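Just below is one structure, and these are the notes that go with it.
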Amino acid sequence: MLDFSKVQTLAFAGGGNRCWWQAGLLTQLHAYGARLPGLMVGTSAGTAIAASFLTNSTEAALQACKRLYAANAQLFDWRGLARFRLNFAHQTIYPAWLAAFVHEGNFKTLQSSPCQLLVAVTRPARALGLRGSIAAGTLAYLVDKKLFHNIHPALPRFLGLKQAFFSLQDCTSVQEMQATLQAAAAAPPFMSGVRLHGAWAMDGGYTDNAPIPVQKAVEKASTLVLLTRHYPDRSPLFQAHGRTYWQPSRKIPVSTWDCRPNTSVEDAFALGQEDARQRLLHGDMRLGD
């Protein structure tokens, strides 16, 4: 049985719109009295969802996402083809979404939060450069997804890609916070790479979609990882690599990258809520005394 009150590190996997499952799950646990641990870590949209919980603005983030999607009719602008480039909607929607819940009004709250949030980004391989690293990371992702189904793939690191972690609380301005969160989700061609601390950074999922810093055995034992992929051969809560993992009870009913009006982010959120209720009902976990 998982005792959520004993969790000291909570990790958020990436997954685009699938991360609304994490938001629904944690919102439901919070409604039952669960509290955030001392350390959270994530990448891509997962780390943005984590940031929303530090300011109690997850509902605002959900409504902003729905509003931005409702006003967007297409995934990319065909007119860019005349200049041999495609302008993806995410390049403007994602920064606007982040600004809806990470802004000057709650910057001090985020900066002084007792819960530290580590943001994972991918640094390009020195030998491959930015474009070569994007190609290598994409290839490694496809190979792992189709063949190996590893939670923490080894191939990207073998190809020279590296993962770096930055504390959101170390940011000295709201612009730096937004840039750090944007870098963690920069997955070309949907979103361009970001210059972060003097070097290129891109989506942390190119290296590991469920990022966790190096841990000792005792730290692993108190870590819970919220996945966004569904592994049919595993139970909703399972043990692996010395840690506890929580996966969706079924494939999350939303497109990863779609950002048009009919994108079912509310369905993903609702599945997270239902999965949290079911685990509590079945006695697989508790929230402490």
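Within the full protein context, the accessible area of Phe148 is estimated at about 130 Å² for a probe radius of 1.4 Å.
For the residues Trp21, Trp257, a 1.4 Å probe over the protein chains yields an accessible-area ranking, largest first, of Trp257, Trp21.
For segment 147-199, just run the numbers: alpha carbon Rg, then divide by 2.2 N^0.38 Å, N being how many residues it has.
Normalised Cα radius of gyration, segment 147-199: 1.38.
Over 31 Å apart at the Cα level, from the set Lys162/Lys251; Lys66/Lys162; Lys162/Lys220; Lys6/Lys251; Lys66/Lys216, are Lys66/Lys162; Lys66/Lys216.
So what's the projected area for segment 199-289, the Cα convex hull averaged over all directions, in nm²?
Working: hull surface 34.8 nm².
Computed as one quarter of the Cα hull surface, the answer is 8.7 nm².
Computed over the chain, the alpha-carbon pair-distance distribution with 5 angstrom bins reads 1, 6, 12, 17, 20, 18, 14, 8, 3, 1, 0, 0, 0, each value a whole percent. The distance between label points at Ala96 and Ser192 comes to 1.8 nm (points 7 Å beyond Cα on the Cα→Cβ vector).
Quick check: with the 1.4 Å probe, what order do Met40, Met1 take by accessible area, largest first? If you can, show how the numbers build up before the last one.
On the way: Met40 0, Met1 160 Å².
Greatest to least solvent exposure: Met1, Met40.
Taking the protein heavy atoms of the chain in the context of the full set of protein chains, the accessible area attributed to carbon and sulfur is 55 percent at 1.4 Å.
Sorted largest first, the spans of the alpha carbon positions of segment 94-162 along the three principal axes are 44, 25, 20 Å.
With the cut-off at 21 Å, report for segment 158-242 the share of all Cα pairs above it, as a whole percent. Tail fraction, whole percent: 45. If the segment from Asp233 to Ala135 were pulled out straight at 0.36 nm per residue, it would be longer than the present Cα-Cα gap by 32.3 nm. Taking 10 °C and 1.306 mPa s as conditions, segment 190-233 diffuses translationally at an estimated 119 µm²/s according to Stokes-Einstein applied to its Kirkwood radius (Cα pairs). Charge tally around Ile212: other residues with Cβ under 15 Å, Lys/Arg +1 each, Asp/Glu -1 each, net +3.
Values of log10 I(q)/I(0) for segment 211-253 across q = 0.17 Å⁻¹ run -0.47, by the Debye formula with one identical scatterer at each alpha carbon and no solvent.
Solvent-accessible surface (1.4 Å probe) assigned to Glu59 amounts to roughly 100 Å². Beta bridges per DSSP, both residues in the chain: antiparallel share near 50 percent.
A Cα-only calculation for segment 116-272 places Rg and Dmax at 16.3, 45 Å. Computed packing ranks the peptides 47-58, 226-237 as 47-58, 226-237, most packed first, by mean other Cβ atoms within 10 Å.
The values are calculated or read from the model by the stated rules, or taken from the named source; none is laboratory data. For clarity, every value in this text was computed on a predicted model and none was experimentally measured. Here the Cβ is made from the backbone with ideal geometry for all residues, glycine too, and neighbour counts use every protein chain on show. Keep in mind that these areas ignore ligands, DNA and RNA; they rest on the heavy atoms of the full protein, side chains included. Shrake-Rupley method; radii C 1.70, N 1.55, O 1.52, S 1.80 Å.
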